[in-house]
Amino acid sequence: DPSIENPLLAKMTEFWFNHLNVFAGKGNVRPFTGHYVVNAIRANALGKFEDLLLASARHPAMLYYLDQAQSNVRGLNENYARELMELHTLGVDAGYTQNDVRELARILTGWTVGLQQGEGFRFAERLHDNGDKTLLKTTFRANGVREGEEAIRMLARQPATAKRISRRLAMTFVSDKPSQALVDQLSSTFLNTQGDIRAVM
């Protein structure tokens with residue numbers, strides 16, 4: 001019966017909403033929170049991690065919550081870039097630098113909210129920094145919206161991301177102190193399947 005909630009999907013939606021959190025108390029975020037949970041989180045909760053991450057990155061709830069909607073070539077805002085690396089992917093101790101955060105913020109300039117197009121994602125070319133950037137020793141040449149998409153996919157595929165997500169999943173579903181062997185096994189599946197959450201589970 002499709003009307004019965006799939007318990008794993010429900011639990012994974014909760015897990016990912018916690019991991020890719022937005023705060024509904026922030027003015028602009030509130031009207032988009034429900035849509036974010038259903039269309040960004042739940043819709044991708046058992047798919048590829050990088051698709052989930054991109055859906056989150058492009059959603060007005062996240063764009064407003066971490067001020068990415070205002071970040072542009074003339075006024076850089078690093079909030080989303082920092083959370084993307086620190087909380088959503090690599091983790092705080094993964095060896096990246098403040099310069100990496102800044103370069104990622106530059107890569108993501110122009111990612112904003114299109115109020116005319118049904119309040120969805122919009123890439124504003126004129127607000128984008130078209131200079132070369134270097135993130136985690138990888139050079140990104142001017143390539144519009146694709147720069148950000150490639151950077152997010154690259155972060156999603158890092159071994160540090162696989163370890164961090166695997167440990168959090170194991171702590172949620174298995175034990176507060178999961179064995180290193182389990183975390184390693186999950187990480188290995190994560191990397192070998194390009195972050196296929198269903199395969200990891």
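The values are calculated or read from the model by the stated rules, or taken from the named source; none is laboratory data. The structure displayed is predicted, hence computed values, not measured ones. A quick note on method: Cβ atoms are made from the backbone with ideal geometry, for glycine too, and the neighbour counts reach across all protein chains shown. Heavy atoms of the whole protein, side chains included, go into the accessibility calculation; ligands, DNA and RNA do not. Shrake-Rupley method; radii C 1.70, N 1.55, O 1.52, S 1.80 Å.
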Of (1) part of a helix (DSSP H, G or I); (2) open to solvent by 70 Å² or more (accessible area, probe 1.4 Å), ASP176 fails just (1)
Yes or no: LEU20 aliphatic (A, V, I, L, M), modelled with pLDDT of 95 or more, out of contact with any strand residue (DSSP E or B) (no Cβ under 9 Å at 6 or more places or on another chain) and open to solvent by less than 10 Å² (accessible area, probe 1.4 Å)?
yes
Among the residues of segment 96-129 satisfying the criterion of being touching a residue at least 40 places away in the same chain (Cβ under 8 Å) and more than 16 Å from the chain's Cα centre (by Cα), which is nearest to TYR65 (Cα to Cα)?
VAL113
State whether the residues of segment 93-114 include one that is open to solvent by less than 60 Å² (accessible area, probe 1.4 Å), assigned to a loop (DSSP other than H, G, I, E, B), out of contact with any Cys (no Cβ under 8 Å at 6 or more places or on another chain) and β-branched (Val, Ile, Thr).
yes
Answer yes or no as to whether ARG30 is open to solvent by 60 Å² or more (accessible area, probe 1.4 Å), charged (D, E, K, R), in contact (Cβ under 8 Å) with a residue 24 or more places away in the chain and farther than 16 Å from ASP129 by Cβ.
no
